Structures are given as C-alpha cells and as structure tokens.
Amino acid sequence: MLVSVSIEMVLGFILAGLLIRDFPGKAFFRTIHALPLMVAPIVVGAVWKLMTFPGFGPIPHYLKEWFNIKYNLGTSAPQAFWTVVTMDIWHWTPFVTLTLLAGLSAMPKEPFESARVDGANRIQQFRFITLPLLMPMILTTLFLRIMDALRIVDEVWMLTGGGPGVSNRYIGIHIWRVVFPQTDYGYGSAMSLLLLYFTVVLCWLLFVSITQSGQRTVQ
Amino acid sequence: MASAVSKRSFKWSRLWINFGTYVFWILSSIITLFPIYWIITVASRSRVELFPPPNIAPTFLQKVYWKNFINPFVNGQQGDYLLNSIIIATSNALLVVILAVMATYALSRYRLAGADNIFFWTITNRMAPPAAFLLPLFLMYTRIAKIGDWSLFDTRIGMVLLYCVFNLPFAIWLLKGIMDGIPRELDDAVLVDGGNVWVVLTRIIIPLAAPGIAITALLSWVFAWNEYLLAATLTSVEARTITTGLAEFVTVTGTNWGEMAAVGLISLLPALVFLTLVQRYIVMGLTFGAVKG
C-alpha cells in the first residue's frame, strides 16, 4: 500500500506542477482528471476486473501480444499486487493532483519575485520556496492518503477477493474474512482495536498538519 | 536583428512546449478515461460479442445490447436495489445536513467545554477504517437494537443512521470553515433586534451558507451512494444497495459480464452528474475543508 501512496504522491505532484501553468483547455483536462474521484470504489474494482479478466479484458490480451507477458490475475500473486497498485494509482492520483494544485495556486507571489531578484534559479526557487510553503499541504494529503489506503477494501474485494490465496488480503479484508465466514469474534475485535489505535495516531498527525496549513492560509 | 532572431526562436520553443503539454494531457486523459470507456463498451455487448479476441472499438455507437440493462433492472432485483440506494442516500443527505448545520452552529458560535476535543473525535470517526467497526456494528444491529422480531439489521432506517455517523464529521468540518467566515456581528444585530437563535439560524446563517450546505449535501449523498462494505455486511435482502448488488455478480459459477458492466455503469451515472456540479469543491470536501479548491 505504501508503494502506491508514494507513487501517487510523486505523480500527483508532477501533474499538479504541469497543471498550474495556464493554457487553453486547462479546465477541461482538470475536470477529466477529477473524474475517478467520484467513482464508487466498488465500481472501480468492477471496471478493473472487466479490464483484466483473462479472456476478454484488453490488458492481458495486449500484454501478451506486444510484450509476450503471460498475465493472469487469478494465479500470480505479484501480478495481482501490481494490478491493485495500478488501480489505486488510477483512482487516487487525481486527489493528490487537485489538492496540491489548490495549494500551488494559493501560493503568494512575493517570495518568488524577491528570489528572482536575488538571482535564484528555478531549481533553487522550487527547493527553498515552493517546497517549504507547500509542506503543510503535502503532509495533509499524505496522511489522508495513508489513512484511505488503510481503509481499502471494496476495490480489492471486487478485483481479486483478497486472492489468489491470501496474498492480497489487506487488513480490512482480513478482518472481514475472519469475522464473518469464520465467526472468530474475539480475534476480529482485537484486530479492529489495534487498527483503530493506529488510525487515531495518524489522525492526530493529520489534525496538527491541517491546523498548521490553516494558519498558513490566514497569514 | 539579433533580438528579432532570439524572439523568433523563443516563440518556436514556446510552441513546442505547448504542443508537448497538449500531447501529454491528451495521453493522460486517455488513460484516465479508458476504464470508463471500457465499462460502456462491455455493457453494450452481448455474451457472444464479448469473447476473444478483445475488441476495443466503440461498438456501442452502432448497436447496444439492451438486454444487459433490462435483465438486471426490470426482471432482476437490481431495480429494487437502485431504489433503496436512492432512498437511503437522499434521506441520509437530508439528515446529515440538518444535524450538521445545528452542530456546526453550536461549535462555531458558543464556547463549549472541550469543543476542540469534540472536533478532533469527529474526524477520527470518519477516518477510522470501516472494517474496524464492522463487528461491533454487526452485533449491535442484530442483537442489541432489537425489539421483538424487528431489528435494525437489514432496514433502510438502519443504513441511513449508519451513514449519518460516517458523514456527519465530514459535514461538520466542511461547514465549520464556512460558518466561521460569517461575521458574528450579523448574529448580534439580530439578537439585539429581539430575534432568538432560531431566527439567526434561519435568516442569517442558512442563507449565507447556502452554497456550502448544498455542496455538503451533494457530497454526503455521493459518499452514501458509494459505500459498499458496511452495506454488504448489515443488509441481506430488503435494504440492499446498488453497490452490493454489483458485487453480487461475482459468483463462482461464472459472471454475466455484460449485465455487471451495465449495473456498474448505472451506479456510475450520479458520480458523473455531480462531477459537473461540484467539481471545484470536491477537493475541499475530501480534505475536510483544509484545502480550498
């Protein structure tokens, strides 16, 4: 999960950086890129299942034809894992993009101008002005994404059902599997509680970073 | 002369950058849109047309296999599920908005003991993985909230209340930022003129916060519509929602892919509509008002 979150952060950052420039049709592309955010997770899972199903899905077909890779979600655990990562990237990169875009557009102009007067080049401007100013925003996005990644159930459930075997059982699916088919209530509750503690800690970090970014906007 | 040349080359490089930008954005848009396109394509084909070799041409422009839509919705149960989803999501949105407006007003205008803690704990409620609440909720719905034969399990009311728990925090966080922005002097003016709190709320706060309230309602509608895990656990027949209906298509004995795609497509439509309505505010909603889009 951390894999997909880190890829999303980098990719989202690049996209936001590109989208901040003005060009005709910007709003149109922005709308398109916001689309996956509103799609229900379960539908995302269904769509990716339709795309990757061996038989009529285009992804296995073209992977076989162009790269000669045998791709089967139901038998190969690493492939299933990377499919889940790709799906998550498709679904949530827009979130990172749009959040950071909002952060970038709210940025004051003065520091950049004074830096240019002082002779800083673009990389220096980015390193010493953009990044520190954007830090609270980046942290907020990061924590939100980590927590959402911990919550992931629906997509994976739809795509592989946590399989093949137990290779792609994320914590949520694991709890579900333990509690319902096996009715092991005690073990399930213990895991739920641990997960809850973990989330509360993350939440606290998020809370701090949100309040900080709030102060930043007030300044 | 030299300046003219440099100006010209500058223009050329600028053109190339623009061209590159467009190519990049069109490519990434294709990647973004392809899954949606594919669900439309699959939904429009019959079983025979679907199977190999995969054909990614837009056949739905010429011929749509309507049985995919008619079978699950008219003959099957998906129509009921769709109705359930609409009822649950709509009443949830209404309830959330009413409660959230009052709660936020209190949090924003009065000095409550431990207001910060209340504020923090509400967000914990939203961010905690639903899987962590599955078991306690399941036991509560089937064993505790039970009067005679009737229990909250598998009822629409149960689902509405449940989504309220998960949507209220987000609604409060979103509305708090908006309500804090309404000047207190307006409240005071009404109070001085002899109005009570109710008048303040209905004449000042609600009209001024109307756009924010509308966004809150739409987003909590979408969240309730999209939810799957809790709906799948806490309902069985009567109150199933469309998302759980979609998941029911995956069975051991083979799946009717066309119908599954059709149901998925239908459950996707509200998202597309809302996207056009609240596109600018989605980010604000998802980050609890921390980021203004």
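Every number in this text was worked out from the coordinates using simple rules, so none of it is lab data. Quick caveat, the model's predicted, so the values are computed rather than measured. Every residue, glycine as well, gets a Cβ built from its backbone with ideal geometry; the counts of neighbours run over all protein chains shown.
What's the exposure ranking of B:ASP193, B:ASP188, going from fewest to most Cβ atoms within 10 Å?
Fewest to most other Cβ atoms nearby, the residues stand as B:ASP193, B:ASP188.
Measure up A:LYS49/B:LYS176; A:LYS64/B:LYS63; B:LYS146/B:LYS176; A:LYS26/B:LYS67 against 32 Å on the Cα-Cα distance and list the ones that go over.
A:LYS49/B:LYS176; B:LYS146/B:LYS176; A:LYS26/B:LYS67
If you keep only loop residues by DSSP, which trypsin sites (Lys or Arg not before Pro) in segment B:103-135 have at most 11 other Cβ atoms within 10 Å of their Cβ?
Listed in order of number, the matching sites are B:ARG111.
Would you mind pulling out the separation of the Cα centroids of segment B:175-206 and segment A:77-114, in Å?
Here the two parts' Cα centres lie 38 Å apart.
Rank these for me by crowding, A:MET87, A:MET107, going from fewest to most other beta carbons within 10 Å.
A:MET107, A:MET87
Tell me which of B:ALA189, B:SER151, B:GLY177 sits at the most positive position along the dipole axis of segment B:146-201, charges placed on C-beta atoms (Lys, Arg +1; Asp, Glu -1).
So the residue we want is B:SER151.
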